[in-house]
Amino acid sequence: MDQKRRFPEFYVTAPQPCPYLPGRMERKIFTHLSADRPVALVDNLLKGGFRRSQNIAYMPYCDHCAACVPVRIVVNEFKPHRTLAKIARINEDLCARRISGRATLEQFSLFREYIEVRHADGGMADMTLLDYSMMIQDSAVETYLTEYRLKPRDGENSGPLIAAVLCDRLSDGISLVYSFYDPNLSKRGLGNYIILEQVEFARARGLPYVYLGYWIAGSRKMAYKTRFTPQEHLTPLGWVRRTP
């Protein structure tokens, strides 16, 4: 009985329009994560292609479609090309601070601004402060938030918050759950910078991978992920190196 309770039960969602590939329908397979699940089991789910949203682990389970491919960056071999190196230089005036999953009004204000400009028609458009707090704080795995702030000027304790990313710590790396940033600072390339900074954070801690979630060939929303090489894609044969 105890083993049955600890082993996850999986469910499948009803079909709905795919947000990435027009004209297609998507379904997801999911399971609930809870404190009584073995840590290694949850870790293996997230390393094996599942993504986490609060205490739910999910992955695509679509009929006749396998377009969503889990990808991860090979940290020790990663070297930023010219464009990414430029983005790193532009953002040298930022400082990163790692904090335990804790929601603040300052974060929520930035999150709402990002959603309203970048994803006003998406599934997060109606999220309240309570919804945001649950996204940040409701986790069955080791989770942290990185805040990116401008370096404080004289007399300031801290600079303004301009970006943040929610991350899960896995046994072999870091999984980027969700990032948001000031949409008015497009020249900074903050979405790319967040990934660059997390790669360096993983490198400093001897973690071999940074997990980026799903990549979809032909989706403009996902194209940025191909900039971070070398990377591995999860296939039916396991994780396979992607040819740049």
Criterion violated by Pro152 - all others in (1) in a loop (DSSP other than H, G, I, E, B); (2) open to solvent by 30 Å² or more (accessible area, probe 1.4 Å); (3) in contact with a helix residue (DSSP H, G or I) (Cβ under 8 Å, 6 or more places away or on another chain); (4) over 26 Å from Lys47 (Cβ atoms) satisfied: (3)
- line: Residue set Glu77, Glu9; condition touching a residue at least 40 places away in the same chain (Cβ under 8 Å) and open to solvent by 90 Å² or more (accessible area, probe 1.4 Å); output residue Glu77
- line: Taking first residues from region 93-116 that are in a helix (DSSP H, G or I) and second residues anywhere that are of a type in the set (A, V, I, L, M, F, W, C), the pairs with Cβ under 6 Å that are 6 or more apart or on different chains are Glu106/Leu161; Gln107/Ala164; Phe108/Leu129; Leu110/Leu161; Phe111/Phe180; Tyr114/Phe180; Ile115/Met124
- prompt: Is it the case that Ser158 is over 16 Å from the mean Cα position of the chain (by Cα) and in a loop (DSSP other than H, G, I, E, B)?
  reply: yes
query: List pairs: first in region 19-37 and on the phi > 0 side of the Ramachandran plot, second assigned to a strand (DSSP E or B), Cβ under 9 Å, 6+ apart or cross-chain?
result: Gly23/Pro17
Among (1) among the polar types (S, T, N, Q); (2) assigned to a helix (DSSP H, G or I); (3) open to solvent by 10 Å² or more (accessible area, probe 1.4 Å) - the single one Asn184 does not satisfy: (2)
- prompt: What do you reckon, is Tyr209 within 16 Å of Arg52 (Cα to Cα) and either among the hydroxyl-bearing types (Ser, Thr, Tyr) or more than 12 Å from the chain's Cα centre (by Cα) (or both)?
  reply: no
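Hey, any hits in region 138-145 for a residue that's of a type in the set (D, E, K, R) and more than 16 Å from the chain's Cα centre (by Cα)? Reasoning before the result, please.
Within region 138-145, the subset of a type in the set (D, E, K, R) is 138, 142.
After this cut, where a residue has to be more than 16 Å from the chain's Cα centre (by Cα) as well, the list is none.
No.
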- prompt: List the pairs whose first member sits in region 223-244 and is under 21 Å from Leu45 (Cα atoms), whose second member is among the small types (Gly, Ala, Ser), and whose Cβ atoms are under 8 Å apart, counting only residues at least 6 apart or on separate chains?
  reply: Leu234/Gly48; Leu234/Gly49
task: Taking the options Ile194, Ile174, Ile216, name whichever one is under 18 Å from Arg97 (Cα atoms) and in contact (Cβ under 8 Å) with a residue 40 or more places away in the chain.
output: Ile194
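The values are calculated or read from the model by the stated rules, or taken from the named source; none is laboratory data. The model shown is predicted, which means the values in this text are computed figures rather than measured ones. Using ideal geometry, Cβ is built from the backbone for each residue, glycine included, and neighbour counts are taken over all protein chains shown. Side chains are part of the model used for accessible areas, which takes the heavy atoms of the whole protein and leaves out ligands, DNA and RNA. Shrake-Rupley method; radii C 1.70, N 1.55, O 1.52, S 1.80 Å.
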